[in-house]
Amino acid sequence: RAGIEVPRIAYEEARRAGLELAVLAAVLEQETGGGRNVWGHDRDSDGKRVGPTNGGWRLDEAMGEQGTVSEDGYRAYRRWRDRNGRPPFGRMQGVGPMQLTWYSWQDLADSYGGCWDPRYNVRVGAEILARAIKRSGLHRALWQYNGAESYADAVEKRVAKWRRVLN
């Protein structure tokens, strides 16, 4: 009711990872408006949106209706990514509710059952966040998750809101 698209998944995966539900809800809200299973808007080092202008995989063809990540679309992206996106190229695209961008995070979700599947996508994001919080605290973990301190600041405000909502 408070805006999370995948509430049961969020609850179960936060619990599984040992992550505070308010943190997971805040990240889902920040990344995809509450956990929508959508493609990101990541750009490569030349400032081009990953997919449509980089040959082979066309983002608009793989996106499906309203940018929804489907298994077929993800598999098309994955073939393109494996040809073009692994380091040092860095041409990867955010995938799913947690916007998993880094290839090893996507591969981990695939090993669980598929990065396109919201359950496994959220599972990987929750695991990554839980480990990072234990290692370096909430602010630094959020900063590392996205790569920007402004992101950490924004999500921490959402965490405070979600703590109020969930209590």
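State which residue pairs qualify: first residue open to solvent by 40 Å² or more (accessible area, probe 1.4 Å) and inside the range 96-109, second residue modelled with pLDDT under 95 and of a type in the set (Gly, Ala, Ser) in any location, beta carbons under 7 Å apart, and separation of 6 or more residues or different chains.
So the pair list comes out as THR101/GLY40; THR101/GLY94; TYR103/GLY85.
Tell me, which helices (runs of 4 or more DSSP H) wholly within the range 1-66 include 3 or more residues that are modelled with pLDDT of 95 or more, surrounded by 18 or more Cβ atoms within 10 Å (Cβ to Cβ) and among the small types (Gly, Ala, Ser)?
Working: elements: 7-17, 21-32, 59-63.
By residue number, 7-17, 21-32.
Taking the range 110-134, which residues are surrounded by fewer than 18 Cβ atoms within 10 Å (Cβ to Cβ) and among the polar types (S, T, N, Q)?
Hit for the range 110-134 is SER111, nothing else.
The values are calculated or read from the model by the stated rules, or taken from the named source; none is laboratory data. Keep in mind it's a predicted model, so treat the numbers as computed, not measured. FYI the Cβ positions are ideal-geometry reconstructions off the backbone, even for glycines, and counts take in every protein chain you see. Calculation scope for accessible area: heavy atoms of the full protein, side chains included, ligands and nucleic acids excluded. Shrake-Rupley method; radii C 1.70, N 1.55, O 1.52, S 1.80 Å.
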